[in-house]
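What follows is a set of notes on a single structure, which appears directly below.
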Amino acid sequence: MSRTLSEAESKAFLSAHGIPFAPERLAATPDEGAAAATELGFPVVAKLCGDGIAHKTERGLVRLGLTDEAAVRVAVGELLGAAMPQDDATGVLIAPMISGTRELLAGLATDEQFGPTVVVGIGGVLAEAVADVAVRLAPIEALDAEEMLEQLQHRELLGPFRGEPAVERGLLVDVLLGLSAAATTNADLLSVDLNPLIVHDGRPVAVDALVELADTQVAP
Amino acid sequence: MIPGLEQYRALFEPRGVVVAGASTHPGKFGFVSLHNLLANGYQGGVYATNREGSAVLGVDTIRSLDELPSGVADLVFVCTPKAANEELLRVAAAKGVRAAFLTTAGYGESDEQGRADEAALVALCDELGILLAGPNGQGVVSTPASLCAQIVAPYPPAGGIGVASQSGNFVSSFMNWSCATGVGISRAVSAGNAAATGVVDYLSFYATDPATDVALAYVEGIPDGRGFIGSLADVAAAMPVVIMKGGATSGGARAAASHTGSLASDDRTFDGALRQCGATRAASVEEAFEAAATFATQPLPRGNRVLVMTTAGGWGVVTADAVTRHRDLELVELPDDLRDQIDQHLPPRWSRNNPVDLAGGETRDTIPALLELVAAHDAVDAVIYLGLGIQSNQARMLRTGPFAQDADVARIVAYHERQDARYARAAHDVSVATGKPILTASELAVAFPDNPGPATVRATGRLCYASADRAVAALGHLWQRSRFLQRRGLAAPASGSGRGAGPRDD
């Protein structure tokens, strides 16, 4: 059995391993949401946050491109209203809308035969259909991480693209090394999902995170 | 007991072999294996047991291993039924046998009882200090010992490729490719049920084996992935390892909470693990064999810049496409100084570009001179040479046609055949002199293997690729390994142009 951490807990856990996230605030009410958005700067995104929520996009629990306080209030109200008991919702996350044409993914997975693995690939909602990923056994070294990027079928996406600068590969390598370190220092870490990892001005920024842990509280 | 060098020597270089369960019936394993042992030049002592004590294939058999003199046989090749094997192995060990190859079926591959019997077999061999190969395996081949202890053909030419396979059929496939191409095998073993000794254990032995330059393996399920990769990494540090894996596409989709989990399929994980340890992965049996054969017979390229040289147009264009399409190879832009130098050797109609297309402008000494010129250039890391054997193919038609007696026809036939042999020899010599790979491709290698072009490539110990695409694929594998070693500051182990690529007798 396994359990997943909420988005906020997932991000806190991964931030400790150097994964770069956009700043965000957890709002319990529409007013708190509006205040947070003003502080962070518009446009923002609003996402329902809770321990039991995965695949937020598919369930319509993500609102993008909110440009003023009124829109934020409406979105927060609707998201709180859409929460189901099993979501264990703790509030709505407000974060600046990170813009970038390119969306990558990075994460960890546990293979039955090979144990913990580090993964990087083309991300976004099409990730599974595109299925362009590179995998290595954890722990990895910087050279492995660089070769993972080189291995991607669509590696040209890492170069200069549609007026945006090339991805700073060193920062991507750091994300992968951070994930690798997280895997080797946490034996109950089963999987990590950073999708999308948006390339903003050449820098990868994680805007979502899902951490899955082995459930060590199962009765013997 | 972890088998040591003594046990592996007993398996691959036995001073004597005893076939347990030799049969007078030519359809039985006990007949075929004794036959194959006798038919391929094995110089050690050959012994055999037979229940009736009948002579088999001229060998005076003994009724039981009890009658075997001590210390004459290192390897027992077991064709007896399961029930006989415990007693047999105990006596064998007492007589000094250190390795057992079991063809016997009905062990772990069958049922619950079989699995229990297999566990007992492993424990027994462990207790006796015997390396257990199989059970349910096809046999073992070792060309330095002229050993062909197997229940199937063929027996391959000698060379530097060490084969281990979870499936006996693929041992045969790789050896058949060896026979077809002339690129030889050092050792080959079918792991059978791999009860005690698995594919990676054999590969680990090959890594220390002076007779082996390249390891080639077929694997299916890998229960202990981490252990497998750990051992494989040590092998790959010592020599090139080519892996072909069955079941590559199964188990791709699995229930996972995350996108990452579902994208990290079994196959992608295995693939990444191989890249991480510097092993080479091949998707098909010919790609696997040709990658191994190329590692065994060509030097590693120091870079990825490829020059294509052809005597005729279309081949060069398509090969240039294949090089360009390859993710890691580069079709080198022809340097100006090299273009100027080539101008000295050819009339102006040549391509003046890469591919270097001679456009029929070559005379007697042009091809050896150009091979030397392009391979020696600093901007070129590898050469693919096309067009070998065309004139000899015509010569063959002349030689077998109705005008063969004509003196002029006979003279041109001899000239063409001499020239093609010379070109093939030049490709080899220039590769040795420059330390750069030169791969020759022609379907004549398959269509007319005795054409003096491809036949001479074979005689130099190298592979004549059946198509340029296959040469490009093989070269890509060499470059990927070279790059892996260079990036990690690992010296490329001496490969190619050594044992594999020397004049051959056959």
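The values are calculated or read from the model by the stated rules, or taken from the named source; none is laboratory data. Owing to the predicted nature of the structure, the values given are computational and were not obtained by experimental measurement. Please note: Cβ atoms are built from the backbone with ideal geometry, for glycine as well, and neighbour counts cover all protein chains shown.
If the condition is being of a type in the set (A, V, I, L, M, F, W, C) and surrounded by fewer than 24 Cβ atoms within 10 Å (Cβ to Cβ), then the range A:174-189 contributes A:177, A:181, A:182, A:187, A:189. Scanning the range B:212-245 for residues that are of a type in the set (A, V, I, L, M, F, W, C) and surrounded by fewer than 19 Cβ atoms within 10 Å (Cβ to Cβ) yields B:233, B:237, B:238. Can you tell me which residue within the range A:110-137, out of those that are surrounded by fewer than 23 Cβ atoms within 10 Å (Cβ to Cβ) and small (Gly, Ala, Ser), is farthest from residue A:173 (Cα to Cα)? The extreme case among them is A:129. Please work out which one of (1) in a strand (DSSP E or B); (2) outside the structural domain of residue A:49 (by TED's automatic domain parsing); (3) not β-branched (Val, Ile, Thr) is the condition residue A:64 fails and give its number. Failing condition for residue A:64: (2). Restricting attention to the range B:6-23, the residues being in contact (Cβ under 8 Å) with a residue 60 or more places away in the chain, part of a loop (DSSP other than H, G, I, E, B) and closer than 23 Å to residue B:66 by Cβ number 2.
Could you tell me how many of the residues in the range A:98-109 are under 23 Å from residue A:22 (Cα atoms) and either facing chain B (nearest Cβ under 7 Å) or crowded, with 22+ Cβ neighbours inside 10 Å (or both)?
Applying the first criterion (under 23 Å from residue A:22 (Cα atoms)) to the range A:98-109 yields A:98-108.
Still in the list and also either facing chain B (nearest Cβ under 7 Å) or crowded, with 22+ Cβ neighbours inside 10 Å (or both): A:104-108.
The number of residues fulfilling the criteria is 5.
Does residue B:152 satisfy the criteria of being touching a residue at least 24 places away in the same chain (Cβ under 8 Å) and crowded, with 20+ Cβ neighbours inside 10 Å? Spell out how you get there, then give the answer.
Values: touching a residue at least 24 places away in the same chain (Cβ under 8 Å): yes; crowded, with 20+ Cβ neighbours inside 10 Å: no.
Here the answer is no, as residue B:152 does not meet what is asked.
Summed over the range B:278-309, residues that are part of a strand (DSSP E or B) and surrounded by fewer than 24 Cβ atoms within 10 Å (Cβ to Cβ) total 3.
Among the conditions (1) assigned to a loop (DSSP other than H, G, I, E, B); (2) in contact with a helix residue (DSSP H, G or I) (Cβ under 8 Å, 6 or more places away or on another chain); (3) free of Cβ contacts under 8 Å to residues at least 40 places away in the same chain, the only one that residue A:58 does not satisfy is (2).
Of the residues that sit in the range A:122-138 and are among the aliphatic types (A, V, I, L, M) and part of a loop (DSSP other than H, G, I, E, B), which one is nearest to the other protein chains (Cβ to nearest Cβ)? Give the derivation first.
As a first pass, look at the range A:122-138 and keep what is among the aliphatic types (A, V, I, L, M): A:122, A:125-127, A:129-131, A:133-135, A:137-138.
The next check asks that each one be part of a loop (DSSP other than H, G, I, E, B); those that pass are A:125-126, A:131, A:138.
Working: A:125: 10, A:126: 11, A:131: 6, A:138: 10 Å.
The extreme case among them is A:131.
For the range A:1-40, which residues satisfy the criterion of being among the β-branched types (Val, Ile, Thr), surrounded by 18 or more Cβ atoms within 10 Å (Cβ to Cβ) and either more than 14 Å from chain B (Cβ to nearest Cβ) or within 13 Å of residue A:213 (Cα to Cα) (or both)?
Within the range A:1-40, A:4 is the sole residue that qualifies.
For first residues located in the range A:1-26 and farther than 16 Å from residue A:205 by Cβ and touching a residue at least 40 places away in the same chain (Cβ under 8 Å), partners that are of a type in the set (A, V, I, L, M, F, W, C) and assigned to a helix (DSSP H, G or I) and lie 6+ apart or on another chain with Cβ distances below 8 Å form the pairs A:5/A:13; A:13/A:182; A:25/A:36; A:25/A:40; A:26/A:8.
For the range A:190-213, a residue qualifies if it is of a type in the set (A, V, I, L, M, F, W, C) and within 12 Å of another protein chain (Cβ to nearest Cβ), and the qualifying residues are A:190, A:192, A:194, A:197, A:209, A:210, A:211, A:213.
Inside the range B:186-276, counting only helices (runs of 4 or more DSSP H) that do not spill past its ends, which hold 1 or more residues that are in the same structural domain as residue B:171 (by TED's automatic domain parsing), modelled with pLDDT under 95 and under 23 Å from residue B:122 (Cβ atoms)? Don't jump to the end; show me each part of the working.
Working: elements: B:199-208, B:225-238, B:259-263.
Fully inside the range B:186-276 and qualifying: B:225-238.
Contact list please: Cβ distance under 6 Å, first residue in the range B:309-325 and farther than 19 Å from residue B:349 by Cα, second residue part of a helix (DSSP H, G or I) and at pLDDT below 95, pairs at least six apart or on different chains. Cβ pairs passing all conditions: none.
For every residue, the table says whether it meets (1) assigned to a loop (DSSP other than H, G, I, E, B); (2) surrounded by fewer than 20 Cβ atoms within 10 Å (Cβ to Cβ); (3) not basic (Lys, Arg).
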| residue | (1), (2), (3) |
| --- | --- |
| B:25 | yes, yes, yes |
| B:30 | no, no, yes |
| B:35 | no, yes, yes |
| B:43 | yes, yes, yes |
| B:52 | yes, yes, yes |
| B:66 | no, yes, yes |
| B:69 | yes, yes, yes |
| B:73 | yes, no, yes |
| B:76 | no, no, yes |
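What is the residue count in the range A:139-159 for residues that are facing chain B (nearest Cβ under 10 Å) and buried (at least 19 other Cβ atoms within 10 Å of the Cβ)? Count: 5.
Checking each residue in the range B:84-120 for being of a type in the set (S, T, N, Q) and either at pLDDT 95 or above or assigned to a helix (DSSP H, G or I) (or both) picks out B:85, B:103, B:104, B:113.
Yes/no per residue for (1) at the interface with chain A (Cβ under 8 Å from one of its Cβ atoms); (2) touching a residue at least 24 places away in the same chain (Cβ under 8 Å):
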| position | (1), (2) |
| --- | --- |
| B:266 | yes, no |
| B:273 | yes, yes |
| B:276 | yes, yes |
| B:282 | no, yes |
| B:285 | no, yes |
| B:292 | no, yes |
| B:298 | no, yes |
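Within the range B:65-88, being in contact with a helix residue (DSSP H, G or I) (Cβ under 6 Å, 6 or more places away or on another chain) and under 19 Å from residue B:12 (Cβ atoms) holds for B:74, B:75, B:76, B:77.
Exactly one residue out of A:90, A:117 is in contact with a Ser or Thr (Cβ under 9 Å, 6 or more places away or on another chain) and within 14 Å of another protein chain (Cβ to nearest Cβ), and it is A:117. Apart from one condition, residue A:119 fits all of (1) in contact (Cβ under 8 Å) with a residue 24 or more places away in the chain; (2) closer than 21 Å to residue A:13 by Cα; (3) in a strand (DSSP E or B); the exception is (1). Residue A:95 falls short on exactly one of the conditions (1) at pLDDT below 95; (2) surrounded by 19 or more Cβ atoms within 10 Å (Cβ to Cβ); (3) within 17 Å of residue A:184 (Cβ to Cβ), and that condition is (3). Each residue in the range B:199-226 was checked for being within 14 Å of chain A (Cβ to nearest Cβ) and without any contact (Cβ under 8 Å) to a residue 12 or more places away in the chain, and 3 of them qualify.
So, residue A:63, is that one modelled with pLDDT under 95, closer than 12 Å to residue A:93 by Cα and over 15 Å from the mean Cα position of the chain (by Cα) or not? Judged against the criteria, residue A:63 is a match. Might you check whether a residue that is at pLDDT below 95 and hydroxyl-bearing (Ser, Thr, Tyr) occurs anywhere in the range B:65-82? The answer is no; no qualifying residue exists.
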